[in-house]
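J.: Below is one structure. I have some questions about it.
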There are 2 protein chains.
Amino acid sequence: MDFFDCIPLAKATSLIDSSLPELTAEPEEVGLMQALGRITAVDIAAGVDLPPFSRSTVDGYAVLSRDTFGAGEGVPVMLTVTDEVFMGQSTEASIVSGQAVIMPTGGMLPAGADAVVMLEHTERSDHETLLVLKPAAPGENVVTKGEDIKAGAMFIAAGTKLTPAEIGALAACGIDKVKVRQRLKVGIISTGDEVVDVSTVPVGGQVRDVNSYTLAAMLTEAGCHVTSYGIIKDNYDELLAAVSKGVNENQLVLASGGSSVGARDHTVQIIEELGRQKVVFHGLAVKPGKPTIFGMVGRVPVFGLPGHPVAAMTICQMLVIPVVKRLQGLKALKAGCKISARLTRNCASAPGRDDFLRVKLIWLEGEYRAEPVLGKSGLISVMTQADGVVQVPEGSSGLYAGDVVTVEVMREA
Amino acid sequence: MDFFDCIPLAKATSLIDSSLPELTAEPEEVGLMQALGRITAVDIAAGVDLPPFSRSTVDGYAVLSRDTFGAGEGVPVMLTVTDEVFMGQSTEASIVSGQAVIMPTGGMLPAGADAVVMLEHTERSDHETLLVLKPAAPGENVVTKGEDIKAGAMFIAAGTKLTPAEIGALAACGIDKVKVRQRLKVGIISTGDEVVDVSTVPVGGQVRDVNSYTLAAMLTEAGCHVTSYGIIKDNYDELLAAVSKGVNENQLVLASGGSSVGARDHTVQIIEELGRQKVVFHGLAVKPGKPTIFGMVGRVPVFGLPGHPVAAMTICQMLVIPVVKRLQGLKALKAGCKISARLTRNCASAPGRDDFLRVKLIWLEGEYRAEPVLGKSGLISVMTQADGVVQVPEGSSGLYAGDVVTVEVMREA
């Protein structure tokens with residue numbers, strides 16, 4: 001088999017894509033504490049507004065914003081303090097023009113109020129009288145009912161791999177059970193007369209079975225349930241029995257090894273016999289990874305992977321893992337590292353503190369763009385929209401559009 | 001508490017660093033199939049040379065390289081075929097000048113041979129006579145005994161998080177049990193009179209407990225064993241009992257919430273009462289995350305995290321996860337996304353195939369550099385040294401030093 005008989009990677013990917021069934025992993029329901037890393041099987045909508053009531057984001061006083069217009073250090077606006085709201089309690093309080101109510105951070109906004117003046121912009125001249133030293137805009141220091149997530153709005157799409165952020169959004173919406181895809185069942189077979197178990201000391205030209213371990217680890221990382229079928233000799237009937245069992249018990253089968261040409265021919269023939277059709281391809285114009293085989297047995301994709309561990313890992317990463325994602329219905333892929341990205345807009349920051357800016361990552365013209373996710377910092381939806389975090393250092397007064405920033409990635413875009 | 005009373009993030013990090021015990025997670029031994037994602041407790045050395053014998057990397061003929069010098073299409077060198085090596089079998093064959101032995105890929109090199117001529121650079125004029133059409137350099141198409149990993153050489157350092165690549169290297173060396181750190185035990189407490197369980201419908205100003213879920217998910221992702229102690233009211237004695245239990249049963253405790261100033265004071269007082277010393281800090285010049293508390297109770301670090309879910313997640317990511325890594329002895333951190341990096345040297349590639357180049361990532365002058373990991377593609381050690389893979393597309397004849405390439409990251413540098 002020469003490189004000239006082999007097909008390029010892009011061709012292999014498109015042949016695999018057109019051979020695969022749409023989805024293989026069935027849905028199942030799991031508790032929220034068990035949902036981390038699982039892939040949603042359905043779109044998930046909020047049953048309630050989040051927050052369920054308008055709330056203050058600061059300690060201060062609930063007011064009618066128009067009462068405060070024109071207020072200043074020299075010209076305070078005088079209001080009457082009529083009530084106090086306590087954290088975690090509903091309030092019957094309501095205000096009309098000229099009145100104010102004491103508010104804790106997170107407290108429920110009284111009826112009639114449309115803004116909260118921060119404590120530091122007020123003075124109390126006596127128990128009942130409040131002096132407002134700065135005007136409050138409508139909505140200032142308030143998160144309104146449903147501003148984070150609207151009741152009925154889909155906030156997690158089917159095919160999302162659940163990270164801590166989505167787990168939090170589900171908790172906030174009171175969703176304690178989630179419909180996710182079952183873990184994809186993958187069978188792994190090592191072949192080759194020269195291959196011996198890890199605990200065996202190789203003699204002569206024997207080598208230890210590395211691929212059963214690396215492939216199991218890679219597929220486990222990708223969220224699969226892996227069954228290892230051990231080491232099968234280069235014998236047609238034994239390999240036929242193993243692949244047949246693998247295909248019956250799993251949704252994806254990987255047979256690695258068979259470094260001899262004869263063993264590779266066995267794999268091709270067995271896939272064709274069991275699948276009652278030609279293999280999809282045999283031989284890739286890829287280094288390492290040339291002796292790769294792919295075929296379908298019914299709805300089960302079967303890969304013949306190279307025996308060399310580095311080649312088997314490379315092809316697993318480039319061809320098999322995308323198949324796993326597709327069969328599990330995964331729409332995107334997650335991460336956890338640092339990348340450089342170009343900021344898409346100016347972001348102000350107060351000197352003297354570190355600001356953490358949540359950003360969405362967009363791959364554009366060969367580089368990542370970091371688009372700040374706007375919204376008050378208490379919003380859950382900010383977490384589920386963000387792909388990563390940018391640190392604006394303590395000494396900085398902000399960042400400019402076009403700046404190259406370092407993003408700590410929470411989710412690959 | 002104003003931002004002016006708060007300490008900057010860098011100061012908080014260094015205060016935490018100087019307060020922590022060196023390591024908390026104890027070592028334990030696990031089987032290789034269970035070792036994925038675990039952190040090695042000891043340096044691991046190979047007991048054997050890898051490969052255990054010199055082997056061919058191609059199909060062809062084992063030769064003495066000096067016999068082939070000057071060979072060409074028009075001036076073939078004639079050798080006598082004396083024997084054949086079979087895959088997975090040891091060989092008694094040996095050659096002297098003028099002789100050649102038939103070799104399969106991966107086969108054991110016969111004594112006396114120092115190179116393999118590829119099949120395509122030879123012709124057989126008759127059963128016994130080989131014509132060599134191209135010279136072979138000493139060592140060409142051969143991986144020598146111990147070239148991958150030398151017996152006695154440390155190939156995985158203590159504090160390494162085991163990825164599929166290391167699992168493969170361990171398998172290749174016949175190491176089927178690994179000494180790793182036990183999962184760090186982390187206790188999570190939610191506090192606040194306003195906080196109710198996820199399955200409860202909040203009334204009045206109540207909010208659902210989001211932090212128990214997000215923090216448990218983040219710590220689980222970081223490899224910890226998490227115990228959730230549920231929701232504790234803003235009551236000194238109840239919180240004292242919960243934190244005390246948490247500290248006795250875990251190696252790290254996170255208490256989130258207590259959005260009221262009174263509740264935060266409780267957390268500070270409880271850490272000081274149990275730890276019999278002042279908290280290390282209270283208040284960060286960080287947004288979101290200002291009301292963060294840190295103190296030590298004996299050898300157990302205790303964090304008071306903000307009640308706002310986004311703030312709690314941000315501080316968990318920036319301060320708590322680094323503590324987890326330190327207490328588990330983790331030396332580096334792993335990943336799985338795409339980044340841009342600048343190639344450090346020219347890399348040739350044959351047009352007509354996709355090449356996958358393993359690279360090491362180095363963060364230098366504000367960008368990643370991708371340093372190709374050299375070595376033949378069959379070497380296990382290439383996998384454990386590489387941080388990621390660069391695809392050299394099919395149509396390309398290579399990449400140049402200074403080119404910006406996309407790296408699929410397998411491990412963060």
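The values are calculated or read from the model by the stated rules, or taken from the named source; none is laboratory data. Please read these numbers as outputs of a predicted model, since none were measured by experiment. With ideal geometry, Cβ positions are generated from the backbone for all residues, glycine too; neighbour counts draw on all protein chains shown.
J.: What's the number of the only condition in (1) modelled with pLDDT under 95; (2) closer than 30 Å to residue B:38 by Cβ that residue B:192 fails to meet?
T.: Only one criterion is unmet by residue B:192, namely (2).
J.: Quickly run through segment A:110-140 and pick out the residues that are under 15 Å from residue A:67 (Cβ atoms) and within 37 Å of the chain's Cα centre (by Cα).
T.: Within segment A:110-140, A:114, A:115, A:116, A:137, A:138, A:139, A:140 qualify.
J.: Moving on. In the set B:314, B:344, B:267, which member is more than 14 Å from every other protein chain (Cβ to nearest Cβ), surrounded by 23 or more Cβ atoms within 10 Å (Cβ to Cβ) and of a type outside the set (A, V, I, L, M)?
T.: Only one candidate qualifies: B:267.
J.: Which numbered condition trips up residue A:330, out of (1) at pLDDT 75 or above; (2) facing another protein chain (nearest Cβ under 9 Å); (3) outside any strand (DSSP E or B)?
T.: (2)
J.: Is there a residue in segment A:239-249 that is assigned to a helix (DSSP H, G or I), touching a helix residue (DSSP H, G or I) at 6+ places or on another chain (Cβ under 8 Å), among the charged types (D, E, K, R) and free of Cβ contacts under 8 Å to residues at least 60 places away in the same chain?
T.: no
J.: Here is a check on your reading of the model: is residue A:115 buried (at least 22 other Cβ atoms within 10 Å of the Cβ) and closer than 29 Å to residue B:314 by Cβ?
T.: Spelling it out, residue A:115 is indeed buried (at least 22 other Cβ atoms within 10 Å of the Cβ) and closer than 29 Å to residue B:314 by Cβ.
J.: Given segment B:94-152, what strands (runs of 3 or more DSSP E) lie entirely inside it while holding 1 or more residues that are under 30 Å from residue B:165 (Cα atoms) and of a type outside the set (Gly, Ala, Ser)?
T.: Correct list: B:99-103, B:115-118.
J.: If you don't mind, there's one more thing I want to ask. Please count how many residues of segment B:37-48 are more than 14 Å from every other protein chain (Cβ to nearest Cβ) and closer than 28 Å to residue B:302 by Cα.
T.: Counting residues in segment B:37-48 that are more than 14 Å from every other protein chain (Cβ to nearest Cβ) and closer than 28 Å to residue B:302 by Cα gives 4.
J.: Among the candidates B:291, B:372, single out the residue that is more than 30 Å from residue B:26 (Cβ to Cβ), touching a His at 6+ places or on another chain (Cβ under 9 Å) and modelled with pLDDT of 80 or more.
T.: Exactly one residue qualifies, and that residue is B:291.
J.: Next up: Taking the condition in contact (Cβ under 8 Å) with a residue 12 or more places away in the chain and either within 12 Å of chain B (Cβ to nearest Cβ) or assigned to a loop (DSSP other than H, G, I, E, B) (or both), does residue A:212 pass?
T.: When the stated conditions are applied, residue A:212 passes them.
J.: Still on this model: Which one is surrounded by the fewest Cβ atoms within 10 Å (Cβ to Cβ) among residues in segment A:390-411 that are without any contact (Cβ under 8 Å) to a residue 60 or more places away in the chain, within 12 Å of chain B (Cβ to nearest Cβ) and not in a loop (DSSP other than H, G, I, E, B)?
T.: Per the stated criteria, the residue is A:391.
J.: Would you pick out the residues in segment A:8-36 that are buried (at least 19 other Cβ atoms within 10 Å of the Cβ) and either within 14 Å of chain B (Cβ to nearest Cβ) or of a type in the set (D, E, K, R) (or both)?
T.: A:9, A:12, A:32, A:35, A:36
J.: Conditions: (1) more than 21 Å from residue A:104 (Cβ to Cβ); (2) away from every other protein chain (no Cβ under 14 Å); (3) of a type outside the set (Val, Ile, Thr); (4) in contact with a Gly (Cβ under 8 Å, 6 or more places away or on another chain). Residue B:240 meets all but one. Number of the miss?
T.: Among (1) more than 21 Å from residue A:104 (Cβ to Cβ); (2) away from every other protein chain (no Cβ under 14 Å); (3) of a type outside the set (Val, Ile, Thr); (4) in contact with a Gly (Cβ under 8 Å, 6 or more places away or on another chain), the lone unmet condition for residue B:240 is (4).
J.: Take the residues in segment A:160-184 that are in a loop (DSSP other than H, G, I, E, B) and not charged (D, E, K, R), then tell me which one is farthest from the other protein chains (Cβ to nearest Cβ).
T.: Result: A:182.
J.: Determine which single condition residue B:63 fails, assuming it passes every other condition in (1) of a type in the set (A, V, I, L, M); (2) in contact with a strand residue (DSSP E or B) (Cβ under 7 Å, 6 or more places away or on another chain); (3) farther than 16 Å from residue B:131 by Cβ.
T.: With (1) of a type in the set (A, V, I, L, M); (2) in contact with a strand residue (DSSP E or B) (Cβ under 7 Å, 6 or more places away or on another chain); (3) farther than 16 Å from residue B:131 by Cβ applied to residue B:63, the lone miss is (3).
J.: If a residue has to be more than 22 Å from the chain's Cα centre (by Cα), more than 8 Å from every other protein chain (Cβ to nearest Cβ) and in contact (Cβ under 8 Å) with a residue 40 or more places away in the chain to count, how many in segment A:185-209 make the cut?
T.: Looking only at that region, the number is 6.
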